[in-house]
Amino acid sequence: MPLNPALGDVFGTIGTICWIVLIVPQIWKSWREKSTEGLSPALMLLWAFSWPFLAAYTILEELPVPLILEPHFFGTLCLISWCQCQHYGARRTWKASAFMALVVFLVFAAIEVMLIFSLRPAYNAGNKAAYDATQFFGIFSSVMIGVGLIPQFIEIWRRREVIGLSMTLLWLDVFGGICMDLSLIFQGQFDVVSGIIYTLIVVLELSVLACALVLNPRAEKRRQRQAQIAALTESTAIEKPALMAKLVLPAQPQRLDSSTSTVTLDEKHAEEAPIIECTTPPPQKTQFPVNAQDMAVSV
(Lines give C-alpha, C1' and ligand atoms only; values in the text may rest on other atoms or scores of the structure.)
Protein backbone atom coordinates (compact mmCIF):
# COMPACT_ATOMS: atom_id res chain seq x y z
CA MET A 1 0.00 0.00 0.00
CA PRO A 2 1.51 3.39 -0.99
CA LEU A 3 2.43 5.76 1.76
CA ASN A 4 0.26 8.81 2.21
CA PRO A 5 0.98 10.72 5.43
CA ALA A 6 -1.81 13.23 4.73
CA LEU A 7 -4.36 10.44 4.43
CA GLY A 8 -2.93 8.91 7.57
CA ASP A 9 -3.53 12.18 9.41
CA VAL A 10 -7.12 12.23 8.13
CA PHE A 11 -7.81 8.72 9.42
CA GLY A 12 -6.12 9.56 12.71
CA THR A 13 -8.29 12.65 13.13
CA ILE A 14 -11.48 10.72 12.32
CA GLY A 15 -10.56 7.99 14.79
CA THR A 16 -9.82 10.57 17.46
CA ILE A 17 -13.18 12.27 16.93
CA CYS A 18 -14.97 8.93 17.15
CA TRP A 19 -13.27 8.15 20.45
CA ILE A 20 -14.04 11.61 21.82
CA VAL A 21 -17.80 11.41 21.25
CA LEU A 22 -18.38 7.67 21.66
CA ILE A 23 -19.54 8.08 25.29
CA VAL A 24 -22.15 10.73 24.39
CA PRO A 25 -24.71 8.18 23.05
CA GLN A 26 -24.31 6.15 26.26
CA ILE A 27 -24.95 9.20 28.45
CA TRP A 28 -28.02 10.09 26.38
CA LYS A 29 -29.37 6.53 26.54
CA SER A 30 -28.97 6.31 30.33
CA TRP A 31 -30.58 9.72 30.87
CA ARG A 32 -33.49 8.97 28.53
CA GLU A 33 -34.26 5.58 30.09
CA LYS A 34 -33.41 6.71 33.64
CA SER A 35 -31.60 3.41 34.04
CA THR A 36 -28.11 1.93 33.67
CA GLU A 37 -29.23 -1.69 34.09
CA GLY A 38 -26.84 -3.96 32.21
CA LEU A 39 -24.08 -1.34 32.01
CA SER A 40 -21.04 -2.20 34.11
CA PRO A 41 -19.86 0.78 36.22
CA ALA A 42 -16.37 -0.77 36.22
CA LEU A 43 -16.27 -0.37 32.44
CA MET A 44 -16.65 3.40 32.66
CA LEU A 45 -14.30 3.73 35.64
CA LEU A 46 -11.51 1.73 33.95
CA TRP A 47 -11.93 3.69 30.75
CA ALA A 48 -11.72 6.93 32.72
CA PHE A 49 -8.60 5.61 34.46
CA SER A 50 -6.85 5.45 31.07
CA TRP A 51 -7.22 9.23 30.70
CA PRO A 52 -4.28 10.53 32.85
CA PHE A 53 -1.78 8.11 31.28
CA LEU A 54 -2.86 8.76 27.71
CA ALA A 55 -2.95 12.52 28.35
CA ALA A 56 0.57 12.43 29.79
CA TYR A 57 1.75 10.46 26.77
CA THR A 58 0.27 12.89 24.24
CA ILE A 59 1.61 15.96 26.05
CA LEU A 60 5.13 14.58 26.51
CA GLU A 61 5.23 13.43 22.89
CA GLU A 62 3.94 16.88 21.81
CA LEU A 63 1.26 15.37 19.59
CA PRO A 64 -1.28 17.57 17.74
CA VAL A 65 -3.84 19.40 19.86
CA PRO A 66 -6.82 17.17 18.87
CA LEU A 67 -4.92 14.12 20.13
CA ILE A 68 -4.14 15.94 23.38
CA LEU A 69 -7.77 16.95 23.90
CA GLU A 70 -9.12 13.45 23.14
CA PRO A 71 -8.17 11.73 26.44
CA HIS A 72 -9.44 14.67 28.49
CA PHE A 73 -12.87 14.67 26.82
CA PHE A 74 -13.00 10.90 26.86
CA GLY A 75 -12.14 10.58 30.55
CA THR A 76 -14.56 13.33 31.60
CA LEU A 77 -17.46 11.78 29.68
CA CYS A 78 -16.66 8.36 31.15
CA LEU A 79 -16.88 9.82 34.65
CA ILE A 80 -20.24 11.41 33.81
CA SER A 81 -21.52 8.01 32.70
CA TRP A 82 -20.06 6.47 35.87
CA CYS A 83 -21.91 9.13 37.88
CA GLN A 84 -25.14 8.01 36.19
CA CYS A 85 -24.37 4.42 37.20
CA GLN A 86 -24.05 5.53 40.82
CA HIS A 87 -27.37 7.37 40.70
CA TYR A 88 -29.56 5.07 38.60
CA GLY A 89 -27.87 1.78 39.47
CA ALA A 90 -26.64 2.18 43.05
CA ARG A 91 -29.61 4.43 43.96
CA ARG A 92 -27.44 7.18 45.37
CA THR A 93 -28.58 10.80 45.30
CA TRP A 94 -27.42 13.09 42.53
CA LYS A 95 -25.37 15.11 45.01
CA ALA A 96 -23.57 12.05 46.37
CA SER A 97 -22.97 10.65 42.88
CA ALA A 98 -21.66 13.99 41.56
CA PHE A 99 -19.41 14.39 44.60
CA MET A 100 -17.90 10.93 44.07
CA ALA A 101 -17.32 11.64 40.37
CA LEU A 102 -15.70 15.00 41.22
CA VAL A 103 -13.33 13.39 43.71
CA VAL A 104 -12.27 10.76 41.16
CA PHE A 105 -11.83 13.51 38.53
CA LEU A 106 -9.50 15.47 40.82
CA VAL A 107 -7.49 12.34 41.67
CA PHE A 108 -7.02 11.46 37.99
CA ALA A 109 -6.09 15.07 37.16
CA ALA A 110 -3.50 15.03 39.95
CA ILE A 111 -2.02 11.81 38.54
CA GLU A 112 -1.73 13.40 35.10
CA VAL A 113 -0.01 16.52 36.44
CA MET A 114 2.36 14.43 38.57
CA LEU A 115 3.35 12.23 35.61
CA ILE A 116 3.97 15.19 33.30
CA PHE A 117 6.02 17.30 35.68
CA SER A 118 8.02 14.38 37.01
CA LEU A 119 9.07 13.13 33.54
CA ARG A 120 9.25 16.25 31.39
CA PRO A 121 12.78 17.40 32.43
CA ALA A 122 14.26 13.93 31.93
CA TYR A 123 12.31 13.36 28.72
CA ASN A 124 13.45 16.67 27.21
CA ALA A 125 17.02 15.78 28.20
CA GLY A 126 16.79 12.58 26.19
CA ASN A 127 16.78 10.21 29.11
CA LYS A 128 15.98 6.69 27.87
CA ALA A 129 14.16 5.71 31.07
CA ALA A 130 11.85 8.70 30.73
CA TYR A 131 11.25 7.82 27.08
CA ASP A 132 10.41 4.21 27.95
CA ALA A 133 8.08 5.39 30.73
CA THR A 134 6.28 7.67 28.28
CA GLN A 135 5.82 4.81 25.82
CA PHE A 136 4.51 2.67 28.66
CA PHE A 137 1.87 5.31 29.46
CA GLY A 138 0.55 5.16 25.92
CA ILE A 139 0.43 1.37 25.95
CA PHE A 140 -1.07 1.19 29.44
CA SER A 141 -3.91 3.55 28.55
CA SER A 142 -4.87 1.45 25.55
CA VAL A 143 -4.69 -1.73 27.63
CA MET A 144 -7.07 -0.18 30.15
CA ILE A 145 -9.60 0.44 27.39
CA GLY A 146 -9.43 -3.24 26.43
CA VAL A 147 -9.43 -4.52 30.02
CA GLY A 148 -12.43 -2.32 30.81
CA LEU A 149 -14.56 -4.52 28.57
CA ILE A 150 -13.97 -7.59 30.78
CA PRO A 151 -16.52 -6.49 33.47
CA GLN A 152 -19.00 -5.83 30.67
CA PHE A 153 -18.52 -9.36 29.33
CA ILE A 154 -19.16 -10.67 32.84
CA GLU A 155 -22.38 -8.63 32.96
CA ILE A 156 -23.42 -10.04 29.58
CA TRP A 157 -22.72 -13.60 30.74
CA ARG A 158 -24.73 -13.06 33.93
CA ARG A 159 -27.77 -11.64 32.15
CA ARG A 160 -27.53 -13.79 29.02
CA GLU A 161 -28.12 -10.70 26.88
CA VAL A 162 -26.65 -7.28 26.05
CA ILE A 163 -28.70 -4.52 27.66
CA GLY A 164 -27.92 -1.05 28.94
CA LEU A 165 -25.03 -0.59 26.52
CA SER A 166 -25.47 1.79 23.61
CA MET A 167 -24.99 0.10 20.25
CA THR A 168 -23.91 3.46 18.81
CA LEU A 169 -21.05 3.53 21.32
CA LEU A 170 -19.85 0.11 20.14
CA TRP A 171 -19.97 1.02 16.45
CA LEU A 172 -18.13 4.30 17.07
CA ASP A 173 -15.45 2.45 19.00
CA VAL A 174 -15.07 -0.11 16.20
CA PHE A 175 -14.90 2.58 13.51
CA GLY A 176 -12.43 4.61 15.55
CA GLY A 177 -10.14 1.61 16.02
CA ILE A 178 -10.20 0.81 12.30
CA CYS A 179 -9.35 4.43 11.46
CA MET A 180 -6.46 4.34 13.91
CA ASP A 181 -5.09 1.19 12.27
CA LEU A 182 -5.40 2.78 8.82
CA SER A 183 -3.64 5.88 10.13
CA LEU A 184 -0.69 3.76 11.24
CA ILE A 185 -0.58 1.98 7.87
CA PHE A 186 -0.59 5.16 5.77
CA GLN A 187 1.94 6.93 7.99
CA GLY A 188 4.62 4.48 6.93
CA GLN A 189 5.94 3.99 10.47
CA PHE A 190 3.69 1.21 11.69
CA ASP A 191 3.86 0.90 15.47
CA VAL A 192 3.30 -2.82 16.10
CA VAL A 193 2.28 -2.39 19.75
CA SER A 194 -0.24 0.36 18.96
CA GLY A 195 -1.56 -1.62 16.02
CA ILE A 196 -2.12 -4.69 18.19
CA ILE A 197 -3.91 -2.64 20.83
CA TYR A 198 -6.18 -0.88 18.31
CA THR A 199 -6.99 -4.19 16.62
CA LEU A 200 -7.70 -5.81 20.00
CA ILE A 201 -10.18 -3.04 20.82
CA VAL A 202 -11.94 -3.59 17.48
CA VAL A 203 -12.13 -7.36 18.08
CA LEU A 204 -13.50 -6.95 21.60
CA GLU A 205 -16.15 -4.45 20.51
CA LEU A 206 -17.17 -6.71 17.62
CA SER A 207 -17.46 -9.55 20.13
CA VAL A 208 -19.92 -7.50 22.18
CA LEU A 209 -21.92 -6.74 19.03
CA ALA A 210 -21.93 -10.44 18.13
CA CYS A 211 -23.23 -11.26 21.61
CA ALA A 212 -26.02 -8.74 21.12
CA LEU A 213 -26.99 -10.24 17.73
CA VAL A 214 -27.06 -13.79 19.13
CA LEU A 215 -28.23 -13.44 22.73
CA ASN A 216 -30.79 -10.63 22.51
CA PRO A 217 -33.24 -12.50 20.19
CA ARG A 218 -32.99 -15.55 22.43
CA ALA A 219 -33.68 -13.43 25.51
CA GLU A 220 -36.71 -11.89 23.78
CA LYS A 221 -38.13 -15.33 22.96
CA ARG A 222 -37.48 -16.44 26.53
CA ARG A 223 -39.43 -13.46 27.89
CA GLN A 224 -42.31 -14.18 25.49
CA ARG A 225 -42.52 -17.79 26.69
CA GLN A 226 -42.49 -16.66 30.30
CA ALA A 227 -45.27 -14.13 29.55
CA GLN A 228 -47.38 -16.85 27.89
CA ILE A 229 -46.91 -19.19 30.84
CA ALA A 230 -47.81 -16.41 33.28
CA ALA A 231 -50.94 -15.53 31.27
CA LEU A 232 -51.99 -19.20 31.12
CA THR A 233 -51.48 -19.61 34.84
CA GLU A 234 -53.51 -16.48 35.57
CA SER A 235 -56.39 -17.55 33.31
CA THR A 236 -56.45 -21.00 34.93
CA ALA A 237 -56.58 -19.44 38.38
CA ILE A 238 -59.57 -17.29 37.32
CA GLU A 239 -61.54 -20.09 35.60
CA LYS A 240 -61.08 -22.72 38.31
CA PRO A 241 -63.60 -21.26 40.83
CA ALA A 242 -66.16 -20.86 38.04
CA LEU A 243 -65.76 -24.49 37.02
CA MET A 244 -66.06 -25.66 40.62
CA ALA A 245 -69.31 -23.71 40.99
CA LYS A 246 -70.82 -25.53 37.99
CA LEU A 247 -70.12 -28.98 39.33
CA VAL A 248 -73.29 -30.90 40.58
CA LEU A 249 -72.42 -33.00 43.56
CA PRO A 250 -74.48 -36.23 44.12
CA ALA A 251 -77.04 -36.16 46.94
CA GLN A 252 -75.78 -37.60 50.16
CA PRO A 253 -77.88 -40.48 51.53
CA GLN A 254 -79.81 -39.61 54.69
CA ARG A 255 -78.70 -41.38 57.78
CA LEU A 256 -81.22 -42.93 60.15
CA ASP A 257 -81.23 -41.91 63.75
CA SER A 258 -80.83 -44.96 65.90
CA SER A 259 -82.79 -43.35 68.74
CA THR A 260 -86.08 -43.31 66.84
CA SER A 261 -87.83 -45.59 64.39
CA THR A 262 -89.53 -42.75 62.55
CA VAL A 263 -88.29 -42.25 58.98
CA THR A 264 -88.79 -38.79 57.55
CA LEU A 265 -89.74 -38.79 53.88
CA ASP A 266 -89.79 -35.85 51.57
CA GLU A 267 -93.09 -34.28 50.66
CA LYS A 268 -93.45 -36.01 47.29
CA HIS A 269 -92.91 -39.49 48.69
CA ALA A 270 -94.97 -38.65 51.77
CA GLU A 271 -97.99 -37.93 49.56
CA GLU A 272 -97.57 -41.10 47.52
CA ALA A 273 -96.76 -43.46 50.37
CA PRO A 274 -99.76 -45.35 51.91
CA ILE A 275 -100.64 -44.57 55.45
CA ILE A 276 -100.28 -47.61 57.62
CA GLU A 277 -102.00 -47.43 60.99
CA CYS A 278 -100.55 -49.59 63.64
CA THR A 279 -103.19 -50.12 66.34
CA THR A 280 -102.04 -51.63 69.56
CA PRO A 281 -104.84 -53.42 71.51
CA PRO A 282 -105.41 -52.19 75.03
CA PRO A 283 -104.08 -54.41 77.76
CA GLN A 284 -106.53 -57.13 78.88
CA LYS A 285 -107.50 -57.33 82.52
CA THR A 286 -106.93 -60.66 84.08
CA GLN A 287 -110.16 -62.01 85.61
CA PHE A 288 -109.97 -64.50 88.42
CA PRO A 289 -112.85 -66.88 89.35
CA VAL A 290 -114.80 -65.75 92.38
CA ASN A 291 -114.99 -68.31 95.23
CA ALA A 292 -117.77 -68.08 97.81
CA GLN A 293 -115.47 -68.85 100.60
CA ASP A 294 -113.14 -66.11 99.59
CA MET A 295 -115.96 -63.63 99.57
CA ALA A 296 -117.10 -64.45 103.12
CA VAL A 297 -116.90 -61.55 105.40
CA SER A 298 -116.49 -62.16 109.04
CA VAL A 299 -119.00 -60.37 111.19
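Quick rundown of the values:
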| item | result |
| --- | --- |
| Share of carbon and sulfur in the accessible heavy-atom surface of the range 1-96 [1.4 Å probe, %] | 71 percent |
| FRET E, pair Arg120, Leu3, Förster distance 51 Å, beta-carbon r, rounded to 0.05 | 0.95 |
| Protection proxy ranking of 132-141, 59-68, 81-90 - average other beta-carbon atoms within 10 Å, highest first | 81-90, 132-141, 59-68 |
| The range 85-178, accessible area per residue, ligands and nucleic acids excluded (1.4 Å, Å²) | 55 Å² |
| Three-way shape label, the range 131-242, alpha-carbon gyration tensor, a/c 1.5 | prolate |
| Efficiency of FRET between Val103 and Phe140 - r from beta-carbon atoms, R0 25 angstrom, step 0.05 | 0.65 |
| Global form of the range 107-196, assessed from the alpha-carbon gyration tensor, a/c cut-off 1.5 | oblate |
| Zone of Ile229's modelled label, taken as backbone nitrogen in the range 160-187 under 11 Å from a point 7 Å along Cα→Cβ | none |
| The range 1-98: trypsin sites (Lys or Arg not before Pro) in DSSP coil with no more than 16 other Cβ atoms inside 10 Å | Lys34, Arg91, Arg92 |
| Prolate/oblate/rounded label for the range 1-133 (Cα gyration tensor, a/c 1.5) | oblate |
| Length gained when the stretch Glu62-Glu220 is fully extended (0.36 nm per residue, less Cα-Cα span) | 51.9 nm |
| 1.4 Å probe accessible area per residue over the range 10-60, in Å² | 37 Å² |
| Carbon + sulfur, % of accessible area of the range 111-169 - ligands and nucleic acids excluded, 1.4 Å | 70 percent |
| Cut-off 15 Å between beta-carbons: net charge of the residues surrounding Ala133, Lys and Arg +1, Asp and Glu -1 | -1 |
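The values are calculated or read from the model by the stated rules, or taken from the named source; none is laboratory data. Please read these numbers as outputs of a predicted model, since none were measured by experiment. Don't worry about glycine lacking a Cβ; one is built from the backbone with ideal geometry, like all the others, and counts go over all protein chains shown. What goes into the accessible areas is simple: the full protein's heavy atoms, side chains included, and nothing from ligands, DNA or RNA. Shrake-Rupley method; radii C 1.70, N 1.55, O 1.52, S 1.80 Å.
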